[in-house]
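Structure, as structure tokens:
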Amino acid sequence: MIITVAHTKGGVGKSTLAWHLTHSLLEIDKSVKLIDLDFQQTLYFVNKIRGTGTLYVAQPKNVSELMSEMHGIDAKKYDYIIIDVGGFDTDINRTAIELSNKALVPISESVTEVLGYKTFESIIDELILDTEFDIVLNNIHPLTKNFSVIKAAVGEKFKLLNTVVRSRKIYKTTLGEGASVFDTKNEVAKNEIRSLRDELINQ
Ligand SMILES: Nc1ncnc2c1ncn2[C@@H]1O[C@H](COP(=O)(O)OP(=O)(O)O)[C@@H](O)[C@H]1O
Ligand SMILES: [Mg+2]
């Protein structure tokens, strides 16, 4: 299964979620390859800090390299391929989304975020894609409980996941050390990411 983490907007948590999600799949003994299409190469560098050599982070430079990373002979060795895309502005990013089973779109529930999401949704709406779009609330204040604004904003073709990923320092600090929440004892954060994983892979 190929899951792309996508949004036209930067700073919504694509790299953060792609990283922890990858480690939640490794936790249940799945084989995972990461593809980093972010020009900032966030996950490539995070994995370099990690340094254990267990995870392969591919950095395809063009559409044909991407296609072979996604669907070549080597790609079949992996249970999951997680792709961190920069946006929807280039051929390579579009191809990643088009050739994925799912696109995970992180958003937080502020007015500007929801408007940014609607722009992304209207681009996607015009395309004929088999890709399923799953929206996840990310970086949400611990006390926020009412998500009516985002629920009303999500279009028919798109699915809002039940998992809410709260704003937690541990998501950031672990990344900086090349670690994930699964290297820590923070069960609350681990359960949040496990819940995201299970919603994605079980339906
Ligand atoms: N759930 C979260 N809790 C706390 N900080 C978060 C969370 N998700 C993302 N962040 C922080 O927000 C910033 C942007 O996240 P990042 O994953 O780099 O976004 P993107 O890849 O979409 O540009 C980073 O500083 C990251 O640590
Ligand atoms: Mg990023």
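What's the total number of residues in region 179-203 that are in contact (Cβ under 8 Å) with a residue 60 or more places away in the chain, within 12 Å of LEU25 (Cβ to Cβ) and part of a helix (DSSP H, G or I)?
Qualifying residue count for the region: 7.
I need a count of the residues in region 160-177 that are within 16 Å of ligand 2 (Cβ to nearest atom), under 16 Å from the mean Cα position of the chain (by Cα) and over 11 Å from GLU192 (Cβ atoms).
The total comes to 2.
Among LEU37, LEU115, which is buried (at least 18 other Cβ atoms within 10 Å of the Cβ) and not β-branched (Val, Ile, Thr)?
LEU37
Please verify whether region 43-63 includes one or more residues that are in contact with a strand residue (DSSP E or B) (Cβ under 9 Å, 6 or more places away or on another chain), surrounded by fewer than 18 Cβ atoms within 10 Å (Cβ to Cβ) and farther than 20 Å from TYR171 by Cβ.
So far as region 43-63 goes, yes, one or more of its residues are in contact with a strand residue (DSSP E or B) (Cβ under 9 Å, 6 or more places away or on another chain), surrounded by fewer than 18 Cβ atoms within 10 Å (Cβ to Cβ) and farther than 20 Å from TYR171 by Cβ.
Please determine, by comparing only the residues of region 83-123 that are without any contact (Cβ under 8 Å) to a residue 24 or more places away in the chain and away from ligand 2 (no atom under 15 Å from the Cβ), which one is nearest to the chain's Cα centre (by Cα).
Of everything passing the filter in region 83-123, ARG94 is nearest to the chain's Cα centre (by Cα).
Taking interchain pairs and intrachain pairs at least six residues apart, which have beta carbon atoms under 8 angstrom, with the first residue in region 11-27 and under 12 Å from LEU55 (Cβ atoms) and the second assigned to a helix (DSSP H, G or I) and away from ligand 2 (no atom under 16 Å from the Cβ)?
Within 8 Å, the pairs are HIS23/VAL181; HIS23/PHE182; HIS23/ASP183; HIS23/ILE193; LEU25/ARG197; LEU25/ILE201; LEU26/PHE182.
Taking region 3-45 only, how many residues are over 20 Å from GLU121 (Cα atoms) and away from ligand 2 (no atom under 14 Å from the Cβ)?
11
Regarding ALA189, is this residue touching a helix residue (DSSP H, G or I) at 6+ places or on another chain (Cβ under 9 Å) and within 19 Å of LEU43 (Cα to Cα)?
When the stated conditions are applied, ALA189 does not pass them.
Which of the residues belonging to region 136-158 are at pLDDT below 95 and surrounded by 17 or more Cβ atoms within 10 Å (Cβ to Cβ)?
Correct list: ILE150, ALA153, VAL154, PHE158.
Please verify whether GLU65 is free of Cβ contacts under 8 Å to residues at least 24 places away in the same chain and either in contact with a Lys or Arg (Cβ under 6 Å, 6 or more places away or on another chain) or more than 11 Å from ligand 2 (Cβ to nearest atom) (or both), treating the condition exactly as stated. Break it down into steps so the answer makes sense when it comes.
Values: free of Cβ contacts under 8 Å to residues at least 24 places away in the same chain: yes; either in contact with a Lys or Arg (Cβ under 6 Å, 6 or more places away or on another chain) or more than 11 Å from ligand 2 (Cβ to nearest atom) (or both): yes.
When the stated conditions are applied, GLU65 passes them.
Show the residue pairs meeting these rules: Cβ distance below 8 Å; 6+ apart or different chains; first residue within region 30-54 and within 23 Å of HIS71 (Cα to Cα); second residue basic (Lys, Arg) and within 16 Å of ligand 2 (Cβ to nearest atom).
Correct list of pairs: ASP38/LYS14.
Just the residues that are part of a strand (DSSP E or B) and either over 16 Å from LEU196 (Cβ atoms) or within 14 Å of ligand 1 (Cβ to nearest atom) (or both), please, taken from region 1-57.
Looking only at region 1-57, we keep the residues that are part of a strand (DSSP E or B), and these are 2-5, 32-36, 56-57.
Across region 1-57, the qualifying residues are ILE2, THR4, VAL5, LYS33, LEU34, ILE35, ASP36, TYR56, VAL57.
The values are calculated or read from the model by the stated rules, or taken from the named source; none is laboratory data. Nothing here was measured: the structure is a model prediction, and the numbers come from that model. All Cβ positions, glycine included, derive from the backbone under ideal geometry; neighbour counts span all protein chains shown.
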